Amino acid sequence: MLGKLRMIEGNLVFFCPACQIPHELTPSYFDFDGQWASPTISQDIVYVDNERCFPYHCHSLVRNGFIEFLSDCTHDLANTTVPMRPFGCH
């Protein structure tokens, strides 16, 4: 089974289907349960992109291999939960 989270240059990385880019997490700030195929990260993840044409905010939780997008997201997946894709399959 392919992992849904990877370690790249010392950072935990997963592909975000809402932002359509990988998100990198510094391990010292996030608690990862060690389950690469079905990961849980204890803290919420916030991604802000001020270089897009409009204010872009992605706020999520990763639990048991699913990404829960919270209500304050400015993308179409706000208030939804989606399965993580295997890393590299996007």
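All of the numbers you see were taken from the coordinates with simple rules; none came from a lab. In this text the structure is predicted, and so the values were computed from the model without any measurement. Every residue, glycine as well, gets a Cβ built from its backbone with ideal geometry; the counts of neighbours run over all protein chains shown.
For this structure, a couple of remarks:
- Sequence-separation-based contact order of the chain, relative, with Cα cut under 8 Å and 6+ spacing, percent: 26 percent
- Sorted peptide list for 78-84, 6-12, 57-63, criterion being average Cβ within 10 angstrom, highest first: 57-63, 78-84, 6-12
- Per-residue Karplus couplings for segment 67-76, computed as 6.51 cos²θ - 1.76 cosθ + 1.60 with θ equal to phi - 60°, are listed in order as 9, 9, 8, 7, 5, 8, 5, 9, 10, 5 Hz, Gly and Pro entered as x.
- Full extension of the segment from Thr26 to Asn50, taken as 0.36 nm per residue of separation minus the current Cα-Cα distance, would add 6.6 nm.
- Chymotrypsin sites (Phe, Trp or Tyr not before Pro) within segment 13-84, DSSP loop, no more than 16 other Cβ atoms inside 10 Å: Tyr29, Phe30
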